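Let me begin by presenting the structure, written as structure tokens, before commenting on it.
A short reminder: the numbers here are calculations on the coordinates, not readings from a lab. Quick caveat: nothing in here was measured; it's all calculated off a predicted structure. Cβ: placed from backbone, ideal geometry, glycine included. Neighbour counts: every protein chain shown.
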Amino acid sequence: MQSSNYKLGRFFLGRLKHDSELVRSVVNFARGKKVKMAVFTVVGAVKQARLAYYDQASHEYQKIELDQPLEIASCFGNLSLKDGKLFAHAHAVLADEASKAYAGHMIKATVFAAELHLQELLGKKLEREYDQTTGLALWEFRG
Amino acid sequence: MQSSNYKLGRFFLGRLKHDSELVRSVVNFARGKKVKMAVFTVVGAVKQARLAYYDQASHEYQKIELDQPLEIASCFGNLSLKDGKLFAHAHAVLADEASKAYAGHMIKATVFAAELHLQELLGKKLEREYDQTTGLALWEFRG
Amino acid sequence: MQSSNYKLGRFFLGRLKHDSELVRSVVNFARGKKVKMAVFTVVGAVKQARLAYYDQASHEYQKIELDQPLEIASCFGNLSLKDGKLFAHAHAVLADEASKAYAGHMIKATVFAAELHLQELLGKKLEREYDQTTGLALWEFRG
């Protein structure tokens, strides 16, 4: 396994704004704080969401539109760099009023109310690069 | 986004008691250790659980009773203060014998076996206050 | 609740190898780094997986074979010792192309692409021991 180890930086708790877009809010917040790498979790509820499933054969994302209010039963991921810019990779499990779960790659969601827990990581810059085998932008750990 | 940053305090691993109530156990444990803020995860299994879904229009919680043994596929949340008292906000994904997922806001659950991972956070006191837009008790980050 | 507190050690980010077995990869990676205790999360996608549900009455695991490509919507757990060897306890929520969730105890999975976030914990050795009430190997916190 390629890997590297990092020092723990600041730990942030945050309250996402009602009606903001969840993924962009996390990225913008982190950029504003000069965070370069992080792991984070989010708990709360959204008004609607777009998840995705990556087709491992065709190498294309299939979008799943969830146009209804949902609990964020789980949402976590990481921040690193892609094309030199801060990039969030997050997956989520959302839940409807019958506790039915909808899960996948989180593209975007409209916040009803949500709490962010973010652990900054300090160390060597971590960039994503195109990986031919999977068609995905994966971490490249250098030197 | 309103936010604040915290120092990392103690990290606890714990084994919840068989037949104890999960959410109350986490709160009582943390209170006993003088923890004021934390993020935590729980993994294990429960004998039964009560989840909830927050109706974003009516501002009321709808309860979902799950009267069967379930795996805790995911459970995480945070501890902060509400009305001056330590309060747990946790969401969960539970799973039955066919791997079907039940997800939502975790109100309570009876522990079969469960492991707690809890990161204490140190810093300015963090209180929840009533938010008119959502009808929820949300974090207020002061000064 | 039995518990103990730990110091935070190294924080690793890692990229699991395509076609590797997920759970064994995490254990082998940690062993190679001399990690004795940890909490970890994994995000990504798998080609197939075997989950399990623990029957609380018969004390037997029921296996659930998922022979299809799935997103890892959530996967987290811990590392401690069992029979003197490093042991991973992980649960997961997987998702298919319709965002349907499959959740439970993670026995093994074949990695398509996956990212590991692992927090090493330092302190007293933590061993699992057989617990008669549940039939499971649970943490024993000593003196």
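Take peptide B:103-112, look around each residue's Cβ out to 10 angstrom, count Cβ atoms belonging to other protein chains, and average those counts.
On the way: counts 17, 14, 8, 1, 0, 0, 0, 0, 2, 5.
If you average over the peptide's residues, the count of other-chain Cβ atoms is 5.
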Under the Karplus curve 6.51 cos²θ - 1.76 cosθ + 1.60, θ = phi - 60°, whole-Hz ³J(HN,Hα) for region C:117-122, x wherever Gly or Pro sits: 10, 10, 9, 6, 10, 10
Regarding the protein assembly as shown, what whole-number volume in Å³ per residue does the convex hull of its Cα atoms give? 127 Å³
Extreme residue, positive dipole direction of region B:80-143, given options B:Thr110, B:Ser99, B:Gly135 (C-beta unit charges): B:Gly135
Residues whose modelled amide H sits under 5 Å from the amide H of C:Lys100, counting only those 5 or more places away in sequence or on another chain, are A:Ala103
How much net charge surrounds A:Tyr61 when only other residues with a Cβ under 12 Å from its Cβ are counted (Lys, Arg +1; Asp, Glu -1)? -2
After finding the eigenvalues of the alpha carbon gyration tensor for region A:59-143, what semi-axes result from the square roots of 5 times each, listed largest first in whole Å? 28, 17, 10
³J(HN,Hα), Karplus 6.51/-1.76/1.60, whole Hz, each residue of region A:90-105, x for Gly, Pro: 9, 10, 8, 10, 10, 9, 9, 5, 9, 6, 5, 9, 10, 9, x, 5
According to the Cα gyration tensor, what semi-axes, each the square root of 5 times an eigenvalue, does the equivalent ellipsoid of chain C have, listed from largest to smallest in whole Å? 26, 20, 12
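Show me the ranking of peptides C:65-73, C:133-141, C:88-96 by mean Cβ neighbours inside 10 Å, starting with the highest.
C:88-96, C:65-73, C:133-141
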Could you state, as a whole-number percent, how many of the C-alpha pairs of region A:58-106 are farther apart than 13 Å? 65 percent
What does the average come to when, for each residue of peptide B:76-83, you count the partner chain Cβ atoms lying within 10 Å of its Cβ? 3
Per residue, the convex hull enclosing the alpha carbons of region B:22-94 has a volume in Å³ of 96 Å³
Semi-axes in Å, largest first, for region B:3-44 (Cα gyration tensor, √(5λ)) are 22, 11, 10
Can you tell me which of B:100-109, B:21-30 comes out highest on packing, and rank the rest after it, using the mean Cβ neighbours within 10 Å? B:100-109, B:21-30
Amide H of C:Gln2: which non-local residues (sequence gap of 5 or more, or other chain) have their own amide H closer than 5 Å, using H built in the peptide plane? B:Arg15
Please report, for B:Lys7, the nm distances (one decimal) from its label point, 7 Å out from Cα along the beta-carbon direction, to the equivalent points in the remaining copies, shortest first. 1.6, 1.6
What nm distances, shortest first, do you get from the label point of C:Asp131 to those in the other copies when the point sits 7 angstrom along Cα to Cβ? 3.5, 3.5
Please list the non-local residues whose amide H lies under 5 Å from the amide H of B:Leu126, H modeled 1.01 Å from N, same-chain partners needing a gap of 5 or more. B:Leu81
Give me the percent relative contact order of chain A, please, defined on Cα pairs under 8 angstrom at least 6 residues apart. 36 percent
What residue among A:Ser20, A:Ser74, A:Ser99 shows peak mean-square fluctuation when chain A is described by a Gaussian network model with Cα springs under 10 Å? A:Ser99
Rounding to the nearest 10 and keeping the result within 0 to 90°, find how far the Cα-based axis of helix B:22-32 lies from the longest principal axis of chain B. 40 degrees
Across B:135-142, the residue-averaged tally of Cβ atoms belonging to other chains within 10 Å stands at 3
If you plug each phi of region C:35-41 into the Karplus form 6.51 cos²θ - 1.76 cosθ + 1.60 with θ = phi - 60°, what whole-Hz ³J(HN,Hα) values come out, in order, with x for Gly and Pro? 6, 10, 9, 6, 10, 8, 10
Label-to-label distances across copies for A:Gln68, with labels 7 Å out along Cα→Cβ, in nm, shortest first? 2.0, 2.0
26 Å Cα-Cα reach of B:Lys124 towards lysines, excluding residues that sit fewer than 8 places from it in its own chain: A:Lys7, A:Lys17, A:Lys33, A:Lys34, A:Lys36, B:Lys7, B:Lys33, B:Lys34, B:Lys36, B:Lys82, B:Lys85, C:Lys7
